[in-house]
Structure formats: C-alpha cells, structure tokens
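These notes concern the structure reproduced below.
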Amino acid sequence: MADLSQAFSDYNNEGYLKIHLTDTSHGVRNKCLQLLGNLGSLEESVTKDAEGLATRDVQKIIGDYFSDQDPRVRTAAIKAMPVDSQHAFDGFDALLDVFMLSVYGSPLRHGVGTVRIQLEQLTETKIHCWAKIQEACKLLSDDYEQVRSAAVQLIWVVSQLYPESIVPIPSSNEEIRLVDDAFGKICHMVSDGSWVVRVQAAKLLGSMEQVSSHFLEQTLDKKLMSDLRRKRTAHERAKELYSSGEFSSGRKWGDDAPKEEVDTGAVNLIESGACGAFVHGLEDEMYEVRIAAVEALCMLAQSSPSFAEKCLDFLVDMFNDEIEEVRLQSIHTMRKISNNITLREDQLDTVLAVLEEDGDSSRDIREALHELLCCTNVSTKEGIHLALVELLKNLTKYPTDRDSIWK
C-alpha cells in the first residue's frame, strides 16, 4: 500500500490528476474520482498524521465535484467520497481522551503541546468531513434520480459508521445524534418523485435500528402542519369507537377535522422529516414501495415491542391490499413480530375476513394466515373461540388445508 500511495503522490505532484479531473469527458472524470475514493480509503499507506491529511485532501477534491454540471459525475463523486477514515469522527473523540489524560498527568508519551496540535488537526478534519456530508444532503433534492439515490446511500453509510456523533441542526441552535438526523433526511425521501428512490429509502429505514424511539414513532404519526393542528388518523378514530362500544353506519361531516393544537415549540426539523414516512410508504401507488415499507416496519418492530404495537393497525390494513404479494408480505411480517403484539377483536375480525374472502383465490394466503393465527396472541377468550370457528369452517371448505390447520 505504501508503494501505491507514493505512486499516487508522484502522480498528483506531476499535475496529471488535475488535468484529468478537468477533462471534458464525464467518463474520464468519473474514473479519476473513483481512483481518488479508493486511495482515500487506504489505512496503512503512510503514518497516521499524514494519512489524516491525505484523507482530508481527497475529501476536498471529491467534494468539489458534488456540484459538477454532469449528473453522472455528481453521482460518481458521492459514491467515491471516503467516509470510513478513523480520522473523520471517532479519531477526534479518541484524541480528545488522550488530551484529557495528558492534562491530568497520565504517563503518556504524548506531550500536551503535541496533542494540542494533533487535536486541532483532527478538529479541522472532522469539521471539513461534516461540511462535505452537508453538501451531499443538498443533493437529496437534485433533479436527477441517480444523484439523489447516491446521496441517500452516502448519508445512510455515515449514519451507520458514526451513529452517536452529535451534529448541529441547520438554521437552529440545537444539536442531534447523527443517526437521528440521517433518519429524518431519509424519511423525506420516502416521498421522492422516483419510485426507485422511494423503495431504496424505505429499505434503508428498516436497517436504522439505532434511531431514537421518539423519532421512530413519528413515522406513523401523520399531522397537518399547515395550520399546526393534529389530525386524528382513521386508526385512532376506529379505536376510539371500538373502546366506547359504539359504531356508526355512516360518517359524520367533518368528523375527522383536526381538533388538537400542536405546540409550535415542540415542532423541530427532525419531526417534520420523519412525520408520517411509513404512512406515505404504505399508501404509495407502487406496490414495490409498499412492500419495502412493510419489510422495513418488520425489521424495526422486531427490535422495538412498543413500535410493534403502534404499527399493528397499519399492518392489518395491508391485508386488504389489492396486490397479493403485498398482502402475503404483510401476513409474514405480523408472524415475525408476533411475540411483540396482541390482536384486538376488531383486528382479529379483519384477519379472519381475509381468511374467508381471500382464501378462495390463494392457498399461500390461507397457509400464511394459519401460521399467523398459531403464533399470535389474542386479547380475549371470545377472540380465540372466533378464530377456532373460522378455522373449522375453512377446513370444511378446503379439505386439502388439513395439515396446515391442524399444525
């Protein structure tokens, strides 16, 4: 690696790199950026201090191409940005610890003056790296799909590498964990104009298990922010009717009008980003996005029992989706999180209705529902009895389901 790094240094000193990075061909510029990204990720090429400097220089060069006129070059620049250097974020924290130990007389070989110089260098590296990431965030609104897709991926990678790093909220005096900030930005992309980006965003959200529970729950909370009032969802209204024992045969005019005032002081940027992200994903016109949203809910609900209970109504609704693949995925998802949920009677009614109506056309749906009923807790004895009656009716109608039902 040292020879490769030296070769890169010689190449750069001769001015060849600068010439090719300004080439009129987007393909040449792309390859130069790719080479820079690979070299910037080397870990043992030179001494640690020099490596930090080299990484910072590479980030600066690549970051300058985030605003290239060609979207293919902007995409290549985002993909090439080296973000896994230990000097980018966590190296700063480690050196700060060394500095504090030195001040308090720990027998370390680093002198306070030396550590102070290194600390300043790493502070500059950290600020510069974060500035480039912020530039990548601006590309989330780029006109070209491939650029937005690459920007989403970069933000996700950084959030997984440095989830606990504290970053400032733009246009605010507040600070936030990097993983929470990235989560809000990716949530925005669930409403992107390209269904490919929406699928990508939904899938990435499912892997962000380190996000704070407050921000996670915002993804199921749809609010009308135009007049700072909160609008109750259909699930909340149905749950209220169920708990009161009253059901209406029709809807009253304006019964879903927003009534609860939203505290303006409690509204921040991350909430407006995450707000209703999964609701939008589950209602998307493209079934691929709906499937990705269901899968993401499954991954997050498996690690959070409280979130599993909150997303249960939405998953049950997906049992009535027009696409069989979506319905099947929703059933499998509920089975996977069955240890964290308990079905209410109204939710069980929906499940059994699907078993009766949808079972006529799909044996896969029936068998998946049999397995779900086997694994899931029901809130009342009456619910268990109702499920048994429906399963026996199903057995009479489809004798070939005997093994699945008895199991």
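Once the Cβ-Cβ distance of ILE166 and ARG72 is raised to the sixth power relative to R0 = 30 Å, the FRET efficiency obtained is 0.30. Rg and Dmax of the stretch 271-407, both derived from C-alpha coordinates alone, stand at 15.0, 52 Å.
Every read-out reported here was derived from the displayed coordinates using simple, explicitly stated rules and does not represent laboratory data. This one's a predicted model, so the numbers in the text were calculated from it and none came from an experiment. Here Cβ is always computed from backbone atoms with ideal geometry, including for glycine, and neighbour counts include all displayed protein chains.
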